[in-house]
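The structure appears right after this line, and notes come after that.
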Amino acid sequence: MLVLGTSAALLALGSGGVLLRRNPVAMLMSVELMLNAGNLLFVLAARVRGVVDGQAAALIVLVVAAAEAVVGLGLALALFRDRSRVDVDDPAEVRG
Amino acid sequence: MSGVLLWAWALTLPGLVLTGLGVGRRPGSASLAGPGVLLVVAVTWLLGSRTAAELRQVDWLPFLPDGAFHLRGDALAAVMLAVLGFVSLCVYVYSLAYMADEPPAGQRRFFMYLDFFVASMAILVLAGNLAVLLIGWAGVGLASFLLISFWLDRPGTLGAGLQALAANAVGDAALLVAIVLVPAGCGDLLTLQTPACLAVPGGARLTASLLLVAAAAKSAQGPLYFWLPSAMAGPTPISALIHAATMVAAGVYLLVRTNALLAAAPPVAVATAALGVATALGGGLASLQQANFKRGLAYSTVSQLGYMFAGVGFGAPFAAIFHLVTHASFKALLFLSAGVVIHARDGEEELAALGGLRRALPGAYAAFLVGSLALVGLPGLSGALSKDAILDAGEQANLLLAVCLFGGTFLTGLYIGRLFFGVFHGPRPDEQPIHHPSPLLLWPLVPLAVGAVVAGYLEWPAGLLSSALGETAGHAEPVRFASPFGFFAGLLGVFGFALSGWRGREQAAEPVRVGTDAGWVGAVARRGYGLADRLAAIHSGRLGRYALASVFGIAIILLIGLRA
Amino acid sequence: MSELFLPLAVGCAVALVSGLAVVLARRPVHSVVGLLVHSLAIASLFLLLAADLVAIGQVLIYSGAIVVLFLFVIALLPAGGAEGPIGSGRALSAVLAAGALLAALAAGLSASLPAATGRSVGGVEAIGRSLFGPLVVPFELTAPLLLVAIVGAVAIWRRQEQAP
Amino acid sequence: MSVPPALLSVAILVVGAMVILTLTSRLTRDSTALGTIGMLTLVVAALPSVAGDPLSQIALFSILGAAAIAMLLVPSAELHVTTQRPEVAALVLLGSAGAVVLATAGDLLSAALGLETLSLSAAVLIGLGRGERPLEAAFKYFVLSAITFAALIYGLGLIFLATGSFAWPSLAQVEAAYHWVLLAGVMLFGLGVSYELAVVPLHWGALDVYTAGAPALAGYVMAASKVAAVLALGRLVVGAGAPPPAVLIGIGLLSIVWGTLGALAQRELRRMLAYSAVANAGFLALALGCGAEGRAAAVFYVEIYALTALLVFAALAGRGPGPLGLADVPSEEWGATRALGLALGLLSLAGIPPAPGFWAKLAVLAAAWHAAGWGPTVVAAVGGVAGVLYYLRPLPDVFAAVRADGGGPGLRFPAPAVLLAGAAVVFLGLVPGLAYAIARLAIG
């Protein structure tokens, strides 16, 4: 119960961080918090359910998080390296 | 022969391809054969054995209640095809001369659009069920849009085309709902009124109302009239063929085709009649206020379509079809002779700048006079007989509406007289040069003029048309005719016509400004686009906002889903 | 379970507080340090939940690789990745959205939860059996994902480096 | 242990991508060889579908078909660095592998991995486009997808908590105590998948991608992700009975209204297409909430929509990545093939029968009438017909601009893709029953 609450709070905290920060890297770190919340849930569920698959899935999600971080940071770097200011709201030339 | 009739819609497609490939010394000449063969096929069928043919490929669209590919060639379809072939053949020939000043690529495009239109219209009248009807229905709408917007470099043509699309879309939405709401197995245009097919909440009234909305949109009735006058931005041959003689009559055709359904829903039938009468009067009044030659004629079309709607609503589908046939020839004649005038004056359409053209353009003058007299119902001409049939039916069905319609004939005389005397009589307002029309522009007027005079005798006194149509246009008992009601209506029309002549050109050219142009359309369009602009402005391109909206969205949808 | 409660509570608290530090730290470097602490706290929670291998993985991949990667990128960003001031409107809306998400989750989770029973499972061998047994397909599917990540990162880098 | 046919295809796609990546330096200059290897991989990858069930058949055909058209367009894709065509081809193959996995996965964890593979390759593919705009769009798309993906992973955790397995869940079979946990989990998972569908309120990133990406690649991203997302969501709805139909219908109608209004406001062709994609996603979500007929209609709709969108984007490929204002349509250089392809695509999107887009809308409307009743049907019908107001707007200009001899040398490449997609669109329009029958078998 405690851990479940923590994971939910972490998910919300991460989403709040994504919305709060203007720095793309901080934003991506907040996304990592959200993914960690999911991982915590997997491990907890493995324990509650007594099924080890949850732990294995947590390992796989770790890999996914790494892959996501690599691509995300690559894109952020490419987009912001030549800008004087790092603010995710600055590139707003494309307006959907 | 019956089999050929079913595939008549494909007849103009070879012409479309050939014209597109650039065959023919004069652009468009390769397309001429299509409507000619169409006319021959339809007339041969009517003169021959008249065996109805059907083609039914079931489960073509398995997700619909009736998803068959269903064609039906019967008398009603053949009559419509004959009208289509006749008018379009005249218009094709006329267009060869009328569009000759366009660059060759433009001419070819024009004729390809025309071919596409004729094919779509033929599918529309040959359709056996709602699904196939929709193919033609949407096709003619598309052709209409493309042809209204044909002169892209002129201001307002695209807007006028979009207006037509918007009005059509209202009708299409109604038709789409109708096509999916009928019970499984229903959709055949002739069996919509059977009890099995009315087993939906709302029943006959709902289905019939939806079809009425669709028909009203296509035929510019009631509040949906607004697009037809704007459609005059297209070339004049188009105004004659699509926006006077054939496509706008598709709504009338649909109601006639499904007249049994209308008969099963009396309130809707009364609404149809009332809508028709109101539009007939409103259109006539509006025509009096136009400063533009073609718009004046367009409102006349709106008004005459109102007569046809009234005929269907009075329970006399045959009268409506009869008026459709006569109207096709005299209104096409009016538009084409107007086109001669406009062509001779380098595109001038304002009444104030036209006048006194009687001597310069005797051919157009004579043609327009014949068309006008047929329109006002000079006893003996085609319009008199068909209008008589409608008024006669109204007298038996709903006297109050019939009397209103009777009064409308006076308006008809007034407005067409105003256009006729305003353009051809009186002094010339300026000394602009006048090009003499080529024979190609004038020859097509001859068959149409003949039609305008004699089309009525298809029915009177021998009852040829009603016996040919038989059950396909309701219980087509030969109309009594020469009823005093109809006769006096004709005289009233002629009186109005003469009154306009007596008032003279000066007053005639002066439009009566009351301002009945559709203000509500503009308001709705402004609101709609304003809303759209505001919504689009939400998309600021800022990632922070987007992320915020996404997270909020996830949270709210999650909450709703857990509470639902 | 009861003897585990206190350590678990401490672990959760550390994870949350360090997470808050990640979100709130003014300088990106501080955020990274927060992420490091957070990751270690999560790993300790894993240990307490008897997920030894996942804990090791967490330390190696997260603390070892991902956090370092973030550090590198911050170093490469202009002005050290320092960001402009965050307006109160942005802060308020972020708090509101996070709150809404938490409320929605709470609505789903609090409605009915069974008592936490469970038994401890884990061990390298058991996880290995899982990864090469029921989860072999997802396990193998990490291969194309990693391939995309590698190709993607390299391609995006080449895009900037070799631009005309 | 027998390997499911779809997984075999995935393996083939990955191998093909690795071959291309290994030979990058050689293939950079030889676009013929690149195209050959790519197409060969796709053809071989399609072979296992012979042994597959209807679901994997439909997934393989539509996704690999989209990839084939994209592969034909790779030589004309507007890239920032023109030597990156091998990478683009490899990413198309890998993204397709992800899409196939998402659509056919046997368990949810695989589906999640497929989704992530697809969205990462999509972000990179878009990011490689020429200029700064595609990069910006790719970054936004990526961040927003990362948020929803984290929510999806959390939802997967909840599902695992409730059921103790990663199999496709069922609300009916879960222990009563875990009912709400599972519902929350399925909702979050479904929302994560919906991001690929681009429904409101998760449409922002996709809008940017469709607007600013290189046309050749944006069309592929749009087609592959929508097909895969519809199949995955359909399976989720069938098995779990969630997300609740009312939610799907609500999201669908909101998207239809939103996308239609947004498209009406546009004066630029690409943006108009992007907003209309949201409206079309709305039709898909609406259909998914309308029972078995609705799900079949959704699959039918997405096949046709994906193909038509590909046709339109193929016709726009090669003209450069910049915006194409509606007022500038006449001055574009249109070859006959491209102009007619664009016109056919627009007609189908607008719903002019017998173009297949119209049949798709009718199928959704029929399902909506039976499952959702009056209100949704009327809203969808009006939203559907309103499409003519924006889709057909450029049409007179396009027809007027057709020149038999038009199209410079740079515009030569898209022609095969346009012809392929156009032929498929015409086929679906004339014989819609076949596609619908397969869709019905796949997921009904």
Q. In percent, what relative contact order does chain D have, based on Cα pairs under 8 Å that are 6 or more apart in sequence?
A. 16
Q.
List the lysines whose Cα sits under 27 Å from the Cα of residue D:361, skipping any in the same chain fewer than 8 residues away.
A. B:218, D:226
(Q) Report the Cα centroid-to-centroid distance between the range B:42-110 and the range B:331-377 in angstrom, as an integer. (A) 29
Q) Helices from chain A with mean Kyte-Doolittle at least 0.0 and a Cα length along the axis of 30 Å or more, per DSSP H: which? A) A:24-49, A:53-80
Q: Provide Rg and Dmax in Å for the range B:30-179, with only Cα atoms included in the calculation.
A: 17.2, 51
Q | Principal axis dimensions, the range D:288-444 - Cα atoms, whole angstrom, descending | A | 50, 29, 25
Q) For the range B:333-396, which trypsin sites (Lys or Arg not before Pro) are in a loop by DSSP, counting at most 13 other Cβ atoms within 10 Å? A) B:359
Q. Over the range D:117-201, what is the relative contact order in whole percent, taking alpha-carbon pairs under 8 Å and six or more residues apart?
A. 27
Q: Return the distance in nm (one decimal) between the two label points of a simple spin-label model at residue D:423 and residue D:177, each offset 7 Å from Cα along Cα→Cβ.
A: 6.1
Q: Whole Å is fine, so just give me how far the alpha carbon centre of the range D:177-212 lies from that of the range A:39-96.
A: 16
Q: Any aspartates and glutamates with Cα under 15 Å of the residue B:387 Cα? List them, leaving off those in the same chain fewer than 8 positions away.
A: B:395, B:459
Q: Using only the alpha carbon atoms of chain C, find the Kirkwood hydrodynamic radius as the inverse mean reciprocal pair distance, in angstroms to one decimal.
A: 19.6
Q: Compute the length gained on full extension between residue D:374 and residue D:333: take 0.36 nm times their separation in residues and subtract their Cα-Cα distance, giving the result in nm to one decimal.
A: 10.2 nm
**Q.** Mean Cβ count within 10 Å, highest first, over the residues of peptides A:14-21, C:21-28, C:127-134, B:527-534
**A.** A:14-21, C:21-28, C:127-134, B:527-534
Q | Cα convex hull volume per residue for the range B:37-123 (Å³) | A | 111
Q.
Between residue C:13 and residue D:47, what's the calculated FRET efficiency when r is the beta-carbon distance and R0 is 56 Å? Round to 0.05.
A. 0.50
**Q.** Per principal axis, descending, Cα span of the range B:401-487 in whole Å
**A.** 56, 35, 19
Q) R0 = 25 Å: FRET efficiency of residue D:15 with residue C:65, Cβ-based, nearest 0.05? A) 0.35
Q) Given the rule -39500 (n - 2.57) for each run of at least 4 DSSP H residues, summed and divided by the residues of the protein assembly as shown, what is its mean residue ellipticity at 222 nm, to the nearest 500 deg cm²/dmol? A) -24000 deg cm²/dmol
Q.
Let's test the formula: R0 of 41 Å, r as the Cβ-Cβ distance of residue B:400 and residue D:238. What FRET efficiency results, to the nearest 0.05?
A. 0.10
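Expressed as a whole percent, how much of the Cα-Cα distance distribution for chain B exceeds 41 Å?
That tail contains 21 percent of the Cα-Cα pairs.
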Q: Loop sites only, by DSSP: take the GluC sites (Glu not before Pro) in chain B that have at most 16 other C-beta atoms within 10 Å and name the longest stretch containing none of them.
A: B:1-347
Q. What is the dipole size for chain B, taken about its Cα centre, with +1 at each Lys and Arg Cβ and -1 at each Asp and Glu Cβ, in debye to the nearest 20?
A. 840
Q: Take the alpha carbon atoms of the range C:1-81, find their radius of gyration, then divide it by 2.2 N^0.38 Å using N residues; give the quotient.
A: 1.21
**Q.** Pairwise label distance in nanometres, residue C:92 with residue B:153, each label 7 Å out on the Cα-Cβ vector
**A.** 5.7
Q: Can you grab the distance from the C-alpha centre of the range D:11-29 to the C-alpha centre of the range B:174-250, Å, no decimals?
A: 57
**Q.** Cα-Cα pairs of the range D:1-58 separated by more than 14 Å (percent)
**A.** 57
Q) Rg to Rh for the range D:277-323: what is it, with Cα atoms only and Rh by Kirkwood? A) 1.16
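Evaluated at 37 °C with a viscosity of 0.692 mPa s, what Stokes-Einstein diffusion coefficient in µm²/s does the protein assembly as shown have when Rh comes from the Kirkwood expression over alpha-carbon pairs? Please report the intermediate quantities before stating the final value.
Working: Rh = 32.6 Å.
Once the numbers are plugged in, D ends up at 101 µm²/s.
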Q | Hull shadow area, averaged, the range D:313-384 [alpha-carbon convex hull, nm²] | A | 6.2
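Where a number appears in this text, it was derived from the coordinates with a stated rule and is not lab data. The shown structure was predicted, so the numbers you read here are calculated from the model rather than taken from an experiment. For neighbour counting, all protein chains shown are included, and Cβ atoms are generated from backbone atoms with ideal geometry for every residue, glycine included.
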